[in-house]
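Worksheet: the structure to be examined is printed underneath.
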Amino acid sequence: MILVSSPRQRPGACQIKQDSGLLPAGRRGRCNDYFFVVPGSWRLLTAFLLAVSPALAGCAGPAGPVPAQQVKARKAPADFELAPGSAPWGGCAVSAGGASSLIAAALHDRNAAGFWEVEADTVRPINEAFEVGYHPDSVAACDPDTFAVAVEGAGKILFLRPGRAGVSRIAEIKTPFPTRDLLCPDLDGDGTRDLVLAPYSGAKIAILWGEGGYAFAQPQFLEAAPTPWHPRLVDWNQDGLSDLIWADWDTGSVRLYENQGDRRFELRMLQPPNPLKPRQLGVGDIDLDGRPDAVMALEVGKAARILYNRGEGRPVGIEDVPAPTWGYVSAEVMRDGTLALGEEGRVLLARKIDGKWRFRELAAGSLPSPIILSDLNHDGNEDLIVFNSAGDGVSVHFGPLWEKAVPIELSGKDPQ
């Protein structure tokens, strides 16, 4: 195992990827700023050591309930690789009107934000290294042309507007704590944007209610367990109001704060504390019953856990989807219920066919988290944007994703 504190460099930006199999192996520990880079020939040994010795794994915890699987595969390459060698800790994509879309990334190691315009099947850089301050962690679209960047190390949020002439600074505000993740919704339906902030380290989520323009009220806090990363918006109870859902890394619990209107929220625990270690949580209708569900990426649980929404007041249904090698670090749900699950060096697509989970694979880099789905080129197919946060830049896969992905075979017991 080699410890390095700087990202690996790879030449060439915005190039169509031709090689599908030579992505470097790597894994990043959550408790420090170093990368744990695992040479390919040592990965099986390292996987064994991580499973039997949490101390060697740094932040790793107990293994999950699903047996380890073996995998034989080749990866479908990305169409574009953006900002190669960078460590994008967060990002988003938004339609920019007409036939174009914008991709934004928080380039943590470069103290910068990157912006690209997508039109048809081409990607054009607007600014791949716009300086924002020490350690940006997340970026969210507040409007089709305005983005908010959470600069964790500097304790601020910058509002930026990319355009064909470059990127403009619009406003800047201070944050109540160093911010790991942010959302920019209109939670109370008053026509102004609010901010939802998750801490880099802490046990509270903050809501900053918008007062018009770029002015915000003093924060309202929602209680959490330590490290409530990656909150999501979802109308879980289908009352027309956006609720907040997230997984607590340190305790494995999942919290749903149902929006009651009038800036009030009611807590519902969807999963109690447990030994699993969830990272990104995806939301969408997995079983196609008309209700939104949730899926947790379990980094050391060797699975993704689905929480099926059974309706108001009823406990969630639980199903685990196995991880072939390590464990998942990111999760999203496609419109047809297919799961997109980020694992080291790839993104797996999981679809239930005849009662069994089937898997296909797309290439990714090291620590592919977060991942997002968006119809970038407006062709009706969902596209996949992968933020390879341990130093491999941003990967873009144009859809149709299931048809493009390479089928893989897993040995071992099929999930029940």
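The values are calculated or read from the model by the stated rules, or taken from the named source; none is laboratory data. Quick caveat, the model's predicted, so the values are computed rather than measured. All Cβ positions, even for glycine, are placed from backbone atoms using ideal geometry, and neighbour counts span all protein chains on display. These area figures cover heavy atoms from the full protein model, side chains too; ligands, DNA and RNA do not enter into them. Shrake-Rupley method; radii C 1.70, N 1.55, O 1.52, S 1.80 Å.
In whole percent, what relative contact order does the stretch 318-416 give with Cα contacts below 8 Å and a gap of six or more residues?
Values: 209 pairs, mean separation 21.8, N = 99.
It comes to 22 percent, rounded to a whole number.
If a paramagnetic tag sat 7 Å from the Cα of ALA217 along the Cα-Cβ line, which residues of the stretch 230-274 would have the backbone N under 13 Å from that point?
261-265, by backbone N distance to the label point.
Can you tell me how much longer the chain between GLN238 and MET269 gets when fully stretched, taken as 0.36 nm per residue apart minus their C-alpha distance, in nm with one decimal?
This chain segment gains 9.4 nm when fully extended.
Just how far, in whole angstrom, is the stretch 300-357 from the stretch 261-291 if you go by their alpha carbon centroids?
13 Å
Where only protein heavy atoms count, and the probe is 1.4 Å, what is the accessible area per residue for the stretch 318-416 in Å²?
Result: 29 Å² of accessible area for each residue.
Cα centroids of the stretch 151-182 and the stretch 205-224: how far apart, whole angstrom?
Distance between centres, Cα-based: 15 Å.
Can you tell me the FRET efficiency between ALA120 and GLU403 if r is taken as the Cβ-Cβ distance and R0 is 25 Å, rounded to the nearest 0.05?
Rounded to the nearest 0.05, the efficiency is 0.85.
With charges set only on the Cβ (+1 for Lys and Arg, -1 for Asp and Glu), what does the dipole of the stretch 282-365 come to about its Cα centre, in debye to the nearest 20?
In total the dipole reaches around 160 debye.
Can you give the accessible area per residue of the stretch 233-274, in Å², using a 1.4 Å probe?
On the way: 1730 Å² over 42 residues.
The answer is 41 Å² per residue.
Compute the Kirkwood hydrodynamic radius of the stretch 118-268, taking the inverse of the mean of 1/r over all pairs of distinct Cα atoms, and give it in Å to one decimal.
Details: mean 1/r = 0.0616 Å⁻¹.
Kirkwood radius, the stretch 118-268: 16.2 Å.
Between ARG164 and THR192, what FRET efficiency follows from the Cβ-Cβ distance if R0 is 30 Å, with the result rounded to 0.05? Kindly include the intermediate steps, with their values, before the conclusion.
Details: r = 28 Å, r/R0 = 0.92.
Step by step, r from the Cβ atoms, then E = 0.60.
Through the Karplus equation 6.51 cos²θ - 1.76 cosθ + 1.60, θ set to phi - 60°, convert the phi angles of the stretch 171-177 into ³J(HN,Hα) values in whole Hz; use x for Gly and Pro.
Karplus-based 3J(HN,Hα) across the stretch 171-177 equals 7, 8, 9, 8, 10, x, 7 Hz.
Carbon and sulfur together cover what percent of the accessible area of the stretch 152-295 at a 1.4 Å probe radius?
49 percent
Once you charge only the Cβ atoms, +1 for Lys and Arg and -1 for Asp and Glu, what is the size of the charge dipole of the stretch 149-207 about its Cα centre, to the nearest 20 debye? Please report the intermediate quantities before stating the final value.
Details: 8 positive and 7 negative charges, 68 e Å.
The dipole of the stretch 149-207 has a size of about 320 debye.
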